[in-house]
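Report on the structure given below.
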Ligand code: ATP
């Protein structure tokens, strides 16, 4: 925290496509909320990166932007990229993945959170009260050798790497999270998701998980193969608490998790490292709906709430923790009684309508304190 505990700085990468459309209302609501709560001022700095910047300047993620992000207390990101704008080798512009590498953001946190009134795909009433978290290892696994795969006319290969160091910090993060959630009334369970019955690397992942679990006797551990996990997440997602897994498995199951919330526009995320963290919605730039007031900003709002919670932790700032809880509850209030029907899910409510409903609910919660 900078400036004698009076200021927290946030680097804002609004990005491309619908990124700026969901980022602007999130920043506005965060400003309003923290203004009401007192506590440290949130100072937002716009930072340039993305496909649009690459088109204009030939650079997608300048060092000057990285420097601002490195110095900030937190990083808030809309979405970046554009399938039509690519590097000369044909690959897409993904500064969000470069940020993960640069700051070694090893823990991808993907909450699956639903509340009554949200338009979720499962009919069981328990599907409207989900509260589980998928933790995706984000520095290695099948993504470790990104860009290094080999291909001939007859075969193509990629490698999967699991290391002790990356696993230990990932499992510690997962057990600590389960412990925090248990203190708040959660069940205190961490489930290791893998394919240990087939691949040696996943057997190693599981052994390290069991080894690390011994340090957390207060937390229950479970194992599940990834195929069974996909089935269980559709049939009875409410049995899970914290789930931890390799990079690609997390990539896939976190989209399944977003589906359980209704869609990509509902699902928040955070990428956490030892010193930095990026908070962003699970969705991409959705160029098909950009500029039409159709983007669902809910995922961005819930990511903003996660950022406040994270800022509140190390600095012990009650205003941030209270703000996080209020922001999250205002989102659930906004969806209560099926008051909102996002265009994404077939309804009429776009960015402005959802923002105004959340703003009204936030004001009501603030007034009722
Ligand atoms: P990326 O590869 O950049 O992560 P993606 O392939 O996951 O992107 P998105 O651009 O995130 O794709 O979205 C896929 C589709 O889902 C979009 O084309 C859009 O129709 C819809 N969508 C995504 N996010 C939202 C949102 N916030 N609100 C409404 N619709 C959305």
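The values are calculated or read from the model by the stated rules, or taken from the named source; none is laboratory data. Every value quoted in this text rests on a predicted model; they were computed, and no experiment measured them. Cβ atoms come from the backbone with ideal geometry, glycine included; neighbour counts cover every protein chain shown.
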Of the listed residues (69, 123, 60), the one being at pLDDT 95 or above, away from the ligand (no atom under 16 Å from the Cβ) and part of a loop (DSSP other than H, G, I, E, B) is 123
Subset of the range 72-92, residues within 16 Å of the ligand (Cβ to nearest atom) and either at pLDDT below 95 or over 20 Å from residue 270 (Cβ atoms) (or both), comes to 82, 83, 84, 85, 86, 87, 90, 91, 92
Limited to the range 308-338, what total is found for residues that are in contact with a helix residue (DSSP H, G or I) (Cβ under 9 Å, 6 or more places away or on another chain) and outside any helix (DSSP H, G or I)? 1
When both residues are 6+ apart or on different chains and their Cβ atoms are under 7 Å apart, which pairs have a first residue that lies in the range 340-358 and is farther than 17 Å from residue 25 by Cα and within 12 Å of the ligand (Cβ to nearest atom), and a second that is part of a helix (DSSP H, G or I) and modelled with pLDDT of 95 or more? 344/265
Starting from residues that are part of a loop (DSSP other than H, G, I, E, B) and within 7 Å of the ligand (Cβ to nearest atom), keep the ones in the range 280-296 and report whichever is farthest from residue 177 (Cα to Cα). 294
Pairs, please: C-beta under 6 Å, at least 6 apart or cross-chain, first residue more than 19 Å from residue 19 (Cα to Cα) and in the range 297-315, second part of a helix (DSSP H, G or I)? 308/320; 308/323; 308/324; 309/324; 311/320; 312/320; 312/321
Among residues belonging to the range 94-108 that are assigned to a loop (DSSP other than H, G, I, E, B) and away from the ligand (no atom under 14 Å from the Cβ), point out the one that is surrounded by the fewest Cβ atoms within 10 Å (Cβ to Cβ). 104
Across (1) outside the structural domain of residue 83 (by TED's automatic domain parsing); (2) touching a residue at least 24 places away in the same chain (Cβ under 8 Å); (3) more than 11 Å from the ligand (Cβ to nearest atom); (4) more than 30 Å from residue 39 (Cβ to Cβ), residue 242 clears everything bar (4)
Can residue 305 be described as away from the ligand (no atom under 14 Å from the Cβ) and in a loop (DSSP other than H, G, I, E, B)? no
Test: residue in the range 262-279 that is within 13 Å of the ligand (Cβ to nearest atom), free of Cβ contacts under 8 Å to residues at least 12 places away in the same chain and in a helix (DSSP H, G or I): no
Just checking, does the range 41-54 include any residue being modelled with pLDDT under 95 and more than 26 Å from residue 140 (Cα to Cα)? yes
Of (1) buried (at least 18 other Cβ atoms within 10 Å of the Cβ); (2) modelled with pLDDT of 95 or more; (3) within 28 Å of residue 274 (Cα to Cα); (4) within 16 Å of the ligand (Cβ to nearest atom), residue 17 satisfies every one except (3)
Please state which of the following conditions residue 252 fails to meet, knowing it meets all the rest: (1) out of contact with any helix residue (DSSP H, G or I) (no Cβ under 6 Å at 6 or more places or on another chain); (2) without any contact (Cβ under 8 Å) to a residue 40 or more places away in the chain; (3) more than 16 Å from the ligand (Cβ to nearest atom); (4) farther than 22 Å from residue 125 by Cα. (3)
Subset of the range 20-51 that is in a loop (DSSP other than H, G, I, E, B) and within 16 Å of the ligand (Cβ to nearest atom) - its residue that is nearest to residue 286 (Cα to Cα): 50
How about the range 56-93: which of its residues are within 26 Å of residue 25 (Cα to Cα) and either without any contact (Cβ under 8 Å) to a residue 60 or more places away in the chain or loosely packed, with under 11 Cβ neighbours inside 10 Å (or both)? 56, 60, 61, 62, 64, 65, 66, 67, 68, 93
